[in-house]
1. In the range 227-247, what residues are more than 14 Å from the chain's Cα centre (by Cα) and crowded, with 18+ Cβ neighbours inside 10 Å?
2. I'm checking my understanding of the structure. Among residues of the range 138-182 that are in contact with a Phe, Trp or Tyr (Cβ under 9 Å, 6 or more places away or on another chain) and in a strand (DSSP E or B), which one is nearest to ligand 1 (Cβ to nearest atom)?
3. Among the residues of the range 202-216, write down those that are within 14 Å of ligand 1 (Cβ to nearest atom), farther than 15 Å from residue 184 by Cα and not aliphatic (A, V, I, L, M).
4. Conditions first: (1) away from ligand 2 (no atom under 14 Å from the Cβ); (2) within 19 Å of residue 23 (Cα to Cα); (3) polar (S, T, N, Q). Residue 70 passes all but one, so which condition is the exception?
5. Going through the range 118-137 one residue at a time, which ones are in a helix (DSSP H, G or I) and over 18 Å from residue 76 (Cβ atoms)?
6. Kindly establish whether residue 217 is of a type outside the set (Val, Ile, Thr), in contact (Cβ under 8 Å) with a residue 24 or more places away in the chain and surrounded by fewer than 17 Cβ atoms within 10 Å (Cβ to Cβ).
7. What tally of residues in the range 134-151 results from selecting those that are touching a residue at least 12 places away in the same chain (Cβ under 8 Å) and surrounded by fewer than 20 Cβ atoms within 10 Å (Cβ to Cβ)?
8. May I ask you to list the residues in the range 231-246 that are under 28 Å from residue 175 (Cβ atoms) and assigned to a loop (DSSP other than H, G, I, E, B)?
Amino acid sequence: MTAHQHPVVLITGATSGFGLATAKKFAEQGYPLILTGRREERLQALSSELSALTDVHYSVLDVRDSEAVTAFANNLPERFKQVAILVNNAGLALGAESADKAKLSDWHTMIDTNVTGLVNVTHSLLPVLKAQQSSTIINLASIAGNWPYPGSHVYGASKAFVAQFSRNLRSDFAGTGVRVTSLEPGLSESEFSLVRFNGDQDKYDSIYEGTNAIQPEDIANIIFWIAEQPAHININSLEVMPTSQAWDSFKIVKQ
Ligand code: NDP
Ligand code: 8X3
């Protein structure tokens, strides 16, 4: 099935959570999709499911590998070359212990994925995004980039990078067709917390129990809404929490 009237959407991390739900949302509306992630079986299954709705191309891609990202961007099939919506979603948190108990290798993995990976993908796609009459970059930042909390250390800092990088791109592209959004969700139910807590299902259950957390479909709807804004509107940043989540008082440690 073809959907020539819609711009091409590239989603990183489409094998799970927000990325997967976003792929389904855009597919239902007939947008041609490029789906990436590291888990090939999931990409294959999702692509064959969504091919009933739209044109789909998938590519196994680790965003940390800058050479692979460049090769991927330079070798997109003709039908998918004109990427106009980039959803920079691939990312992860590892651990939530205090900084002194964190593994340095986990810190490196978060920086390599959330910062370097996002930068790799963005840089490789900028020429084609700039060549479009109108294009949109939606970067998955987080409330963790806006607000500190114990155990957030490098994860939150990596998301603060994403938010500031988004604003800086906005500055470079003001008045051009390139729009940039930093999307900053709070507590959201996905494999994110299984990854963060090394597959600990009990921990996962206890985090989300009774919270009515944001669901991946909620984020997919918001991403779609951002992309569908008229070309003269740029959603700079959007922080979203479930209604069960809010700020609390500052910690004061008495001696
Ligand atoms: P999931 O764990 O469900 O999905 C993460 C996705 O990222 C997977 O598809 C995974 O695919 C992909 N990914 C991870 N590492 C890499 C890599 N090196 N190269 C390519 N793809 C990679 O989490 P969410 O959907 O919840 O998270 C999506 C984004 O939203 C992340 O950036 C996260 O930080 C952010 N976020 C999440 C929140 C939450 O509470 N869930 C809240 C705020 C922001 P694969 O393993 O197949 O490579
Ligand atoms: C994920 C949100 O609050 O778990 O980015 O860090 S939080």
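What follows is calculated from the coordinates using simple rules that are stated; it is not laboratory data. No experiment lies behind these values; they were computed from the predicted model shown. With ideal geometry, Cβ positions are generated from the backbone for all residues, glycine too; neighbour counts draw on all protein chains shown.
1. 242
2. In this case the residue turns out to be 140.
3. Scanning the range 202-216 gives 203, 204, 208, 211, 212.
4. (2)
5. Hits for the range 118-137 are 118, 119.
6. yes
7. Qualifying residue count, the range 134-151: 5.
8. Listed by number, the residues that qualify are 231, 232, 233, 234, 235, 236.
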